[in-house]
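The values are calculated or read from the model by the stated rules, or taken from the named source; none is laboratory data. These numbers come from a predicted model, not from an experiment. Counting neighbours? That spans all protein chains shown, and the Cβs are built from the backbone with ideal geometry, glycine included.
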Amino acid sequence: MRLELAYARTRQGLESLRMTAALDALDNVLEAARVQELPGVDVLDRLLEIELAARHDRRVETNLKFAGLPYRKRLEDFDLDAQPSIDPGVISQLATLRFLEEGVNVLLLGPPGVGKTALAVGLGIKALEAGHRIFFIACHDFVTRFRRAARMDREDRLLTTLLRPRLLILDEIGYTPLEQREATFLFEVIAKRYDRAKPMIVTSNKSWAAWGDILPDQVMTAAILDRLLHRSVTLNIQGESYRLREHRKAGLLPQAWTTQKEVPLKRSSSP
Ligand code: ADP
Ligand code: MG
């Protein structure tokens, strides 16, 4: 009778604490403990483990929904052999996510199609799986959303969206030139994240030297690059587009289209 009461109270307790995964597992865990003659602390340990794992998975799912990733390609699916300009050691370092803890920005530079976005997405998914919030935004969408926010006097809300996540991925800087107020807003995002040691992954088809072309003036360019590069790792990715390469391998493109040497980007002087 006493045991039945304790069992009923346990179920009730788990329910009111919304520990649904532990509640679902309760009977199995109790039965396993009985068969294996495990002590009570093992039952608690197992139930908590199950509940925490379920909560982690739910958090990852929710964060994934808000992340705005263009697709879900994992870092493990990135073909490093196809990209000899990338040091595999750097990728495995980044995969440990220490850059997130240390507030180090990751800057991926290179011509179109070499895998900058794919790498950013792969790292973003790693961060999500570790339980972090991330937000992915292409520069074009950044501009569109800023203009909309500015029209409605809601820049603050957009700023919060861009500051809150542990990791912000800003994809494809370089195609869209920024107007003064857009660049000022970008600077605010970058400077505030820098102050809070919250890192960014930035991809660009332009070398640092060419960032002056997309930003309105030199002072702004210098201020942005100063914050971005101070604690950063830069990967200069070179070579031909992965897509074109795959097409060529499939015999869909004439050789001459894809064998032109790409002009390597100027190496940045940052570490
Ligand atoms: P970028 O952002 O540099 O323009 P993407 O990351 O968009 O290039 O890559 C273009 C396409 O090729 C994507 O579908 C991407 O997943 C794929 N891709 C690029 N490089 C690799 C690679 N090394 N291994 C596997 N897929 C790749
Ligand atoms: Mg890209």
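Taking the criterion of being in contact with a Ser or Thr (Cβ under 6 Å, 6 or more places away or on another chain) and not assigned by TED's automatic domain parsing to the domain that holds Arg58, would at least one residue in the range 127-136 satisfy it?
Residues of the range 127-136 in contact with a Ser or Thr (Cβ under 6 Å, 6 or more places away or on another chain): none.
No - not one qualifying residue is present in the range 127-136.
Output the residues belonging to the range 145-174 that are in contact with a helix residue (DSSP H, G or I) (Cβ under 9 Å, 6 or more places away or on another chain), over 27 Å from Gly103 (Cβ atoms) and either in a loop (DSSP other than H, G, I, E, B) or at pLDDT below 95 (or both).
Arg154, the sole residue that qualifies.
Based on this model, can you work out whether Val233 counts as within 16 Å of ligand 1 (Cβ to nearest atom) and either part of a strand (DSSP E or B) or surrounded by 15 or more Cβ atoms within 10 Å (Cβ to Cβ) (or both)?
So Val233 fails the test.
I'm checking my understanding of the structure. Among residues of the range 58-91 that are within 17 Å of Leu168 (Cα to Cα) and among the polar types (S, T, N, Q), which one is surrounded by the most Cβ atoms within 10 Å (Cβ to Cβ)?
Asn63
What is the one condition in (1) over 11 Å from the mean Cα position of the chain (by Cα); (2) within 12 Å of ligand 1 (Cβ to nearest atom); (3) not basic (Lys, Arg) that Val121 does not satisfy?
Tallying (1) over 11 Å from the mean Cα position of the chain (by Cα); (2) within 12 Å of ligand 1 (Cβ to nearest atom); (3) not basic (Lys, Arg), Val121 fails exactly one: (1).
For the range 127-136, check the following and say yes or no: at least one residue is within 16 Å of ligand 1 (Cβ to nearest atom) and touching a strand residue (DSSP E or B) at 6+ places or on another chain (Cβ under 9 Å). If you could, list the steps in order and put the result at the bottom.
Of the range 127-136, the ones within 16 Å of ligand 1 (Cβ to nearest atom) are 136.
Now narrow it down to the ones that are touching a strand residue (DSSP E or B) at 6+ places or on another chain (Cβ under 9 Å): 136.
Checked against the condition, which is being within 16 Å of ligand 1 (Cβ to nearest atom) and touching a strand residue (DSSP E or B) at 6+ places or on another chain (Cβ under 9 Å), the range 127-136 yields at least one hit.
So which residues in the range 107-149 are more than 16 Å from ligand 2 (Cβ to nearest atom) and touching a Phe, Trp or Tyr at 6+ places or on another chain (Cβ under 8 Å)?
Within the range 107-149, Arg133, Phe135, Phe146 meet the criteria.
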